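The values are calculated or read from the model by the stated rules, or taken from the named source; none is laboratory data. Everything numeric here is computed off the predicted structure, so don't read it as measured data. Positions of Cβ are generated from backbone atoms using ideal geometry, with glycine treated the same way; all protein chains shown enter the neighbour counts.
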Amino acid sequence: MRTPLPSLKLGRRTARLPIVQGGMGVGISRWRLAGTVAREGGMGTLAAQGLGQVTDLVPRSDPRSDPHGLEALRAEIKAARELAAGQGIVAVNIMMAISHYDPLVETAVDAGVDAIVTGAGLPMDLPDKVRGDVALVPIVSSARAARTITRYWADQYGRVPEAVVVEGPRAGGHLGFTREQLTAPECQLEALVPAVAEVLREYGDIPVIAAGGIYQREDIDAALAVGARAVQLGTRFVATEECDAAEHFKRLVVASTAGDITVVRTSVGLLGRVLRTELIERFEQQQFPGFKCQYQCLKSCVAHQVHYCLADHLRDAAEGRPEGFYFVGDNAWRVREVLPVRELMRRLVEGEPPA
């Protein structure tokens, strides 16, 4: 019999299971997925980026009248909380790099979200923007970043993060590493997690959430053994019935092989792990379609250099079009079926069925 998994406590809320569904934009992790994961005892995470262009709860945002999708975010949080029915934790992921970060944070807090998860930068003044008992969870890729954030928050605001996500180089989407670091031993979770946990111990009992390359119960046990208190998964939750992504995305994941997964530099200027498609192959050959920016969604963006908009192609992926950027983790090729969230959570707790 397997050892029972611990619960995950973040501020006023407790998830029965230490399983976090990562925030996946644009439009991949929305209210159905996040709410269901929370209802099943985990932490479900909405991705705030681009919600206004993909939501089905309110009219889609006009860049002129609601350029930040604030009403969409409010509606999606409300729906996720109702679906969760008081179970688990409902969080929202808001990227620091996004140009309308402040109004999204304010809207999420006002809508009653349990936690704000934030990466793509160091959220040094986040405690100044969030009042009340909303849990704050920064994403880092190094012990140095964890120390910088936690020390500053403690000194300036008299508080510390409720948890810290440590994202390793095997994750899907944008990566906080150079190409050389992707395979460097010191950048893998088994090295990063203990280093971050040691830093955080100086400031109290702050859980570390390990992310990147987590696929099954054995991975959860390995992460807990080196100091994590919970794990975060993304791609496995794409291949669930409740995921808000188009069925085409799910079929691509299920049909993928290890050779279909590659790392490219995106218009954000960072490395990103994606499924190789005809679009990706054209981009690797510097064949770009050209575009006109509608959103100015990122504070720093090099789209003008590569002549395409990543937000548009992420929305294409959510809606199942061939022009999509299909972000996945490096274990995507191991996924062979689309499951209900309840069954996936059961397998993560009890182990995979015999082959």
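Structure summary
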| item | result |
| --- | --- |
| Of the criteria (1) within 16 Å of the chain's Cα centre (by Cα); (2) more than 22 Å from Arg39 (Cβ to Cβ), which one Ile214 fails | (2) |
| Any hit, region 205-215, residues being more than 29 Å from Tyr326 (Cβ to Cβ), outside any strand (DSSP E or B) and without any contact (Cβ under 8 Å) to a residue 24 or more places away in the chain | yes |
| Residue check for Arg170: in a loop (DSSP other than H, G, I, E, B), closer than 22 Å to Met95 by Cβ, in the same structural domain as Pro127 (by TED's automatic domain parsing) and not small (Gly, Ala, Ser) | yes |
| Selected residue (criterion: farthest from the chain's Cα centre (by Cα)) from residues of region 339-355 that are within 21 Å of Leu252 (Cα to Cα) and buried (at least 17 other Cβ atoms within 10 Å of the Cβ) | Leu339 |
| Val238 being at pLDDT 95 or above and either touching a strand residue (DSSP E or B) at 6+ places or on another chain (Cβ under 6 Å) or more than 21 Å from Arg346 (Cβ to Cβ) (or both) | no |
| Helices (runs of 4 or more DSSP H) within region 44-126 that include 3 or more residues within 25 Å of Glu242 (Cα to Cα), out of contact with any strand residue (DSSP E or B) (no Cβ under 7 Å at 6 or more places or on another chain) and not assigned by TED's automatic domain parsing to the domain that holds Gly172 | none |
| Check on Gly329, assigned to a loop (DSSP other than H, G, I, E, B), modelled with pLDDT of 90 or more and not assigned by TED's automatic domain parsing to the domain that holds Leu51 | yes |
| From the options Leu200, Leu136, Leu189, Leu175, residue that is buried (at least 16 other Cβ atoms within 10 Å of the Cβ) and farther than 29 Å from Glu106 by Cβ | Leu189 |
| Lone qualifier among Val165, Val109 - being within 28 Å of Gly69 (Cα to Cα) and buried (at least 21 other Cβ atoms within 10 Å of the Cβ) | Val165 |
| Flag if Arg315 is within 16 Å of Met24 (Cβ to Cβ) and either part of a helix (DSSP H, G or I) or at pLDDT 95 or above (or both) | yes |
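Table: residues versus (1) buried (at least 18 other Cβ atoms within 10 Å of the Cβ); (2) within 20 Å of the chain's Cα centre (by Cα); (3) on the phi > 0 side of the Ramachandran plot.
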residue	(1), (2), (3)
Pro4	no, no, no
Leu17	yes, yes, no
Met24	yes, yes, no
Gly27	yes, yes, yes
Gln53	yes, yes, no
Ile77	yes, yes, no
